[in-house]
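Participant: Provided herewith is a single structure, encoded as structure tokens, for subsequent inquiry.
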Amino acid sequence: MRRLARPLLYLGTIAIVVGLGRYHAQFIGHYYFHSAQRLPWNLAYAAILCVAAYGAGLPDLDRRRGAWAPALAAAAAAAIAISTLQLLLGSLLLPRFVVFSGAILAVPWFAICVGIADIGRSREEDRDRVVLVAGPDEQAALEADMAGDLERPAALAATLTIDEAHTGNPRTKPLIEAVTAHRCTVVVLDRTASLDETIVSQAATLHEAGVRVRSLSFFYDEWLGKLPVSELERMSLMFDVGELHRLRFGRVKRLVDVGAGVVGLLALVAIIPVVAVGDLIANRGPLLYRQPRIGRASREFQILKFRTMRPGALATEWTAAGDSRVTPWGRVLRRTHIDELPQVINILRGEQSLVGPRPEQPRYVAELRDKIPFYDLRHLVRPGLTGWAQVKYAYGGSEADAFEKLQYEFYYLRHQSMVLDLRIIGRTIRSVVGRGGR
């Protein structure tokens, strides 16, 4: 049901808008499809409603957190957007009745779809009940990770140490007993557990009975969208990287980057006067700042951003949330992510990509390279304006955060594709609309 909720939301929204358009046309005595432009305007409004709903996090919100406010905000934003668009283009083919009635009817429909997704999520959590056989460190790490944002809903129902799952008596089967007692549907084994013949034998019996069996790394990959800390070094060479090993993918990705860069450049030119006026009022100093970052093949480049900190207090340390060095206007630029827009120039130069690992400062790279021998793997591809780590992990500025993000970056490198890039772009839009900046 959770997978059904999103297409239901989109199809229902289209049906609402098109149905209202047809009703209005018949009410005033005109055949709905008489004007070739009327239907496209209805579809455009439906599309804007769907984009606004996605940006507000619908239908994936937890119903217990409240769906009505995001649904109302999405519908209102879409109504304002389509009305503004019609005024700018001087076309009023979409009647106000359709605009406002569509927004009103969309709100309960959005809430219903959130409810459907929530019911499906609850059923999936009950279906994917996990038993983990691992050491104490891996158990603690997985418990913490499963409290966050999962790619596939699941519940950690039981944990066993290697000694608890091991059996020296053929009649004793502690892993099977734990699965039965907790109604588990997924067995996860860490590297040490997978080398224990008695544990693997029990897992094989469970596998034959329909229980899924996964290694710790594959469970992280499928359910959490990352690679576990314990597996990073071992897995660092065991997958292809799209930009490195698939020539066609690299070319298509670069074409997409150039197209996005051109569009972004137009937006940059349009926004510069607004940023400049804000700087005069509450952020006096240079418009842009440049900072060295490490890019593809460990080459250094100068990243471009709108300046958000006081002159002379530019980032020399990890940036923290609520950093006192950030000016009032700089906070606005960060919350809206407008400060990142000048990076479209880096994208057009080929120094960055639209999607990829976040570029870090040279001195941080040197520190992390010494502590994490396989850290340089992230430099096999162009760094990104956005990326999987950014949409999956909250903003943070520390070595621990960098190590946590590396687990998501390895996942991206392992699964790099245009489909994943599009998912990241969609989630970035949702993140910007729903959570603001750092």
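Rule-based calculations on the coordinates, nothing more; no lab input. It should be emphasised that the depicted structure is a prediction, and the values quoted were computed from it without experimental measurement. When we count neighbours, we look across all protein chains shown, and the Cβ atoms used for this are built from the backbone with ideal geometry, even at glycine.
Participant: Which translational diffusion coefficient, to the nearest whole µm²/s, is obtained for region 242-435 from the Stokes-Einstein equation, given a Kirkwood hydrodynamic radius over C-alpha pairs, 4 °C and 1.567 mPa s? Walk me through the numbers on the way to the answer.
Facilitator: Numbers: Rh = 17.3 Å.
Answer, rounded: 75 µm²/s.
Participant: What order do you get for LEU348, LEU304 when you list them from fewest to most C-beta neighbours inside 10 Å?
Facilitator: On the way: LEU348 16, LEU304 20.
Listed from fewest to most nearby Cβ atoms, that is LEU348, LEU304.
Participant: For a footprinting-style exposure proxy, rank THR13, THR198 by other Cβ within 10 Å, fewest first.
Facilitator: On the way: THR13 26, THR198 17.
The fewest-first ordering by Cβ neighbours comes to THR198, THR13.
Participant: Now for a separate question. Step through the table entries LYS253/LYS405; LYS253/LYS371; LYS305/LYS405; LYS173/LYS392, compare each Cα-Cα distance with 28 Å, and write down the pairs that go over it.
Facilitator: Working: LYS253/LYS405 22 Å; LYS253/LYS371 31 Å; LYS305/LYS405 22 Å; LYS173/LYS392 38 Å.
The answer is LYS253/LYS371; LYS173/LYS392.
Participant: Work through the residues other than THR198 whose Cβ is under 14 Å from its Cβ and net out their charges, Lys, Arg +1 and Asp, Glu -1.
Facilitator: Working: positive: ARG171, LYS173; negative: ASP163, GLU164, GLU177, ASP196, GLU197.
Residues close to THR198 contribute a combined charge of -3.
Participant: Restricting attention to the alpha-carbon atoms of region 2-119, what are Rg (one decimal) and Dmax (integer), both in Å?
Facilitator: Taking only Cα atoms of region 2-119, I get Rg and Dmax of 14.4, 45 Å.
Participant: Further, regarding this structure: Please figure out what share of the DSSP beta bridges in the chain is antiparallel and state it in percent, rounded to the nearest 5.
Facilitator: Around 35 percent of the beta bridges assigned by DSSP in the chain are antiparallel ones.
Participant: For a quick check: sort PHE306, PHE403 by the number of other beta carbons within 10 angstrom, fewest at the front.
Facilitator: Arranged by neighbour count, lowest to highest, PHE306, PHE403 become PHE403, PHE306.
Participant: Can you give the charge dipole size of the chain about its Cα centre, rounded to the nearest 20 debye, using +1 on the beta carbon of Lys and Arg and -1 on the beta carbon of Asp and Glu? Write out the running numbers ahead of the final one.
Facilitator: On the way: 54 positive and 43 negative charges, 388 e Å.
Dipole about the Cα centre, nearest 20: 1860 debye.
Participant: Which of the peptides 172-184, 47-59, 373-385 is most tightly packed, and how do the rest follow, judged by the mean count of other Cβ atoms within 10 Å per residue? Numbers along the way, then the final one.
Facilitator: Working: 172-184: 17.3, 47-59: 22.6, 373-385: 20.7.
By packing density, highest mean first, the sequence is 47-59, 373-385, 172-184.
Participant: Same structure again: Looking at [x] 82, 59, 43; [y] 79, 64, 40; [z] 63, 57, 46, which value of Cα extents along the principal axes in Å comes from a calculation on the structure shown?
Facilitator: Given [x] 82, 59, 43; [y] 79, 64, 40; [z] 63, 57, 46, the structure-derived one carries the label [x].
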